[in-house]
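Each remark here refers to the structure printed beneath this line.
The values are calculated or read from the model by the stated rules, or taken from the named source; none is laboratory data. The model shown is predicted, which means the values in this text are computed figures rather than measured ones. Here the Cβ is made from the backbone with ideal geometry for all residues, glycine too, and neighbour counts use every protein chain on show.
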Amino acid sequence: MLIPVVLAAALMNAAMVAASAVSAIVIADDLGPALAGLPNTAGVLGTAVGAMAVGRWTVRFGRAQALRTGYGVGVVGGALTVVAAVGAPIALLFVGMFLLGVGNAASLLSRYAAADAVPVARRARAMSTVVWASTAGAAGGPFLMAPSQSFATHVGLPAFAGPFLLALTAVFAALLASSVVRGAPVVPAASSTGSARRTPVFAAAVMVVGHLVMVALMTAVPVHVHSHGGGLGVLGAMLSAHTLGMFALSPVTGWWIDRRGARPVVRTGLGLLVVSGLLIALTGPLFTPALFLLGYAWNLCYLGGSAQLGSAELESRVESSIWTVAALATAASPWLFTLGGFPVLAVVAVVLAVPLLVVSLALACDQPRVLSRTAPRSGPGRRTDLVAHRSRPGRTARPERPSGGQ
C-alpha cells in the first residue's frame, strides 16, 4: 500500500504548486501586485488548519479515511479555483486556496501512513520516500502549466483557468489513489512519563526550529542576491542547490534512521543548522554550498523528528506549528535582514539551534545509563531507538528467548 500513498502525495504537491503560482498572477492582475501574496497565505493557513483537522480525523477514523477526507476537501478547493478563474467572484479563489491547503496537509501527513504500511525496520525509509516523491510532484507540476493553458483556451476557457484545471485534476487523482489505501483506526498514544514523554516533545521542537531557521535564512537569499547585482540565473542556481539538499538525500536519511536510530540523525541536523548558518553569514565562496547544507540540515531534523513523534495528535500539532512558524518567519526575516544582514539571522539560528543540540548531546550521554537500568540483558546490536520499539496496532512484542544455561 506504499505506492498509492506516494503517488497521492506527489499529485497533491503538483496541484499545490500549479495553483499557487497562477493564483498570485490572477490576484496581481485583478487587485494589484501588493495583494498578490494573499492566495498563498490562504494556502498556508489552510495547511496549518488542515493539519489539525487531519490529525483529529486520523484518531477518529484511521489514517486512510483521514487522507481521503483531506484530499476530498482539496478537490472542492480545486473546483472553486477553476470557478473563480472562469469569472466568478474572486473571493472564491481565496476559499479555494484555503481548501487546497487542507489537501496539502493530508499530503504532508501521509508520510506517517506510509510508515504504517511497512515493517517497523523500514518506517523511516517509507517516510523519506513520500518526502522525496512530494518534491518530484512539485518539480514536475510547473512543466504542465503551459500545456494546461493551451488546453483551456482550446476549450473556450480563460488561459489562466488551465493551471487550475490541472490542479483540480491532480488533486482528484490523489483522491483516487488514496482510495485504495487501507488502515486500521489509530489508537491515541497512552500517557507516559520520563524520557518516553520527553523524546517526542524534543523531536517536535527540533522540527519546528529546523523549519524556522531554514525559512528565515532562505527568505533573505533573493534580497541578498539582488542587492549584490546577481541575476535570476545566479539566484536559480542557489535555490536549486538548497532544494537539492532538502530532498535529494531523503532516501539516505531514511536508511540512516532505520539503521542507526533517529537521535544521531537529529544531532547531525542540529549541528549542520549551526554550521550552515555561520557559513551563510560569511557570504563568501562557500555561500552556495552552505545553502545545500542548510537544506540537508532541515531534512535531517524533519525526518529525524518525524520518526520520534509517536502519536497522530502530536504529528498534526507539529505539522500545524511548522506552517504557522513558516508564515511568521517569512514576515520577520526581511525586517531582521535590514537590521544587520545574514549575521543577524545567523545569530537567531545559533540561539535557537545550539540549546537543542546541547540537549541532544545530553540525551546521548544519558542513554547508556537509562539502558543499563531498563534493559540490562540487551545484546549487542539491539535497537533501542524509540522508532524501533514503537508498537504497531494489532501486534504484540515477541518474548525474549532465554539464554543458554538459564
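Looking at the stretch 99-147, which of its residues are among the aromatic types (F, W, Y) and over 23 Å from W255 (Cβ atoms)? Passing the criteria: only F143. For beta carbons closer than 6 Å, sequence separation of 6+ or different chains, a first residue in the stretch 170-192 that is in the same structural domain as V75 (by TED's automatic domain parsing) and outside any loop (DSSP other than H, G, I, E, B) and a second that is at pLDDT below 80 and of a type in the set (K, R), there are no qualifying pairs.
Restricted to the stretch 104-130, and to residues there that are under 30 Å from L38 (Cα atoms) and either hydrophobic (A, V, I, L, M, F, W, C) or modelled with pLDDT of 95 or more (or both), the residue that is surrounded by the most Cβ atoms within 10 Å (Cβ to Cβ) is A106.
Per-residue answers, yes or no, for (1) at pLDDT below 90; (2) assigned by TED's automatic domain parsing to the domain that holds H211; (3) surrounded by 24 or more Cβ atoms within 10 Å (Cβ to Cβ):
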| position | (1), (2), (3) |
| --- | --- |
| A237 | yes, yes, no |
| V252 | no, yes, no |
| R259 | no, yes, no |
| A262 | no, yes, yes |
| V265 | no, yes, yes |
| V274 | no, yes, no |
| P285 | yes, yes, no |
| L291 | no, yes, yes |
| C301 | no, yes, yes |
